[in-house]
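Quick notes on the structure that follows.
Taken together, the values in this text are just the output of simple stated rules run on the coordinates, not laboratory data. Small disclaimer: the values here were computed from a predicted structure and weren't measured. Counting neighbours? That spans all protein chains shown, and the Cβs are built from the backbone with ideal geometry, glycine included.
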Amino acid sequence: MKKFEMILIIGAVIGLLLALFNTPLDSLIVSVFYITLSCLYFILGFALFNNIPLRKIFNTDSYKGIGPWRILIAIVTGLALSILTTGFMYSILNYPMAKTLLAVGIVLAAIIIILALIKNAHEKNQFYKNIILRCFVFLIIAAIFILLPGQIFNAS
């Protein structure tokens with residue numbers, strides 16, 4: 001799943017660059033990659049962040065050693081990153097509600113960072129460090145998108 005996520009992130013960056021240069025079909029490419037990435041985070045975020053392979057999602061042995069806090073934090077992280085990814089797409093395509101989605105995603109990501117910092121102070125687990133880093137990167141990108149002027153992308 002990590003490879004699929006990286007492919008989608010690269011496609012999303014390419015879509016962003018295509019939108020910056022106002023190329024034909026840029027809105028289609030942006031929509032496909034950002035929506036797919038958003039769905040990946042929303043639906044399979046708990047498995048992606050806990051390094052559970054797609055084939056073993058329904059296997060109970062895959063969840064041994066993973067506590068309820070890790071599952072909860074992974075689910076809410078998936079929700080937050082999904083909202084932020086949708087907000088990025090809305091900003092690029094100049095859709096309404098982009099700033100609202102970004103603001104909600106920023107609040108959720110900040111809450112996740114605080115919870116992960118607290119849990120990492122107690123457990124010192126690589127999972128929480130990865131969550132903090134991922135949320136922090138998305139938070140910075142979201143702050144940039146909120147601060148950008150409204151019509152920087154000339155989506156068709």
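Evaluate E = 1/(1 + (r/R0)^6) for L147 and I57, where r is the Cβ-Cβ distance and R0 equals 30 Å; express this FRET efficiency to the nearest 0.05. Please list the in-between numbers first.
Numbers: r = 38 Å, r/R0 = 1.26.
Efficiency for this residue pair is about 0.20.
Just how large is the dipole of region 2-147 about the Cα centre, in debye to the nearest 20, putting +1 at every Lys and Arg Cβ and -1 at every Asp and Glu Cβ?
Details: 11 positive and 4 negative charges, 93 e Å.
The dipole magnitude comes to about 440 debye.
So which chymotrypsin sites (Phe, Trp or Tyr not before Pro) in region 1-97 pass both tests, a DSSP loop state and at most 16 other Cβ atoms within 10 Å of the Cβ?
Values: sites: F4, F21, F33, Y34, Y41, F42, F46, F49, F58, Y63, W69, F88, Y90; in loops: F21, F58.
Answer in residue order: F21, F58.
Between the DSSP loop rule and a limit of at most 12 other Cβ atoms within 10 Å, which trypsin sites (Lys or Arg not before Pro) in region 71-156 are left?
Passing both the DSSP loop test and the Cβ count: K124.
Treat the chain as a sphere of radius equal to its Kirkwood radius over Cα pairs and apply Stokes-Einstein at 25 °C in a medium of 0.890 mPa s; give the translational diffusion coefficient in µm²/s, rounded to a whole number.
Values: Rh = 16.1 Å.
After rounding, the answer is 152 µm²/s.
Just going by the charge dipole of the chain, with Lys and Arg at +1 and Asp and Glu at -1 on Cβ, which of N50, A74, Y63 is farthest out on the positive end?
Y63
Counting pairs of alpha carbon atoms under 8 Å apart in space and at least six apart in sequence, what relative contact order in percent does the chain give? Present the calculation step by step, with values, prior to reporting the outcome.
On the way: 183 pairs, mean separation 40.6, N = 156.
Taking the mean separation of contacting Cα pairs over the length of the chain, I get 26 percent.
If each DSSP helix of 4+ residues adds -39,500 (n - 2.57) and the sum is divided by the residues in the chain, what number results at 222 nm, nearest 500 deg cm²/dmol?
On the way: 5 runs with 116 residues, N = 156.
About -26000 deg cm²/dmol.
Just going by the charge dipole of region 2-147, with Lys and Arg at +1 and Asp and Glu at -1 on Cβ, which of T23, N125, L84 is farthest out on the positive end?
Farthest along the dipole direction, towards plus: N125.
Just how many pairs of Lys in region 2-147 have C-alpha atoms closer than 27 Å, counting pairs that are eight or more places apart or on different chains?
Close lysine pairs found across region 2-147: 17.
Can you give the net charge of the other residues whose Cβ lies under 15 Å from the Cβ of I75, counting K and R as +1 and D and E as -1?
Values: positive: R70, K119, R134; negative: none.
Neighbourhood net charge equals +3.
Under a plain spin-label model, where a point goes 7 Å from the Cα along Cα-to-Cβ, how far apart in nm are V137 and V107?
My value for the distance between the label points is 2.6 nm.
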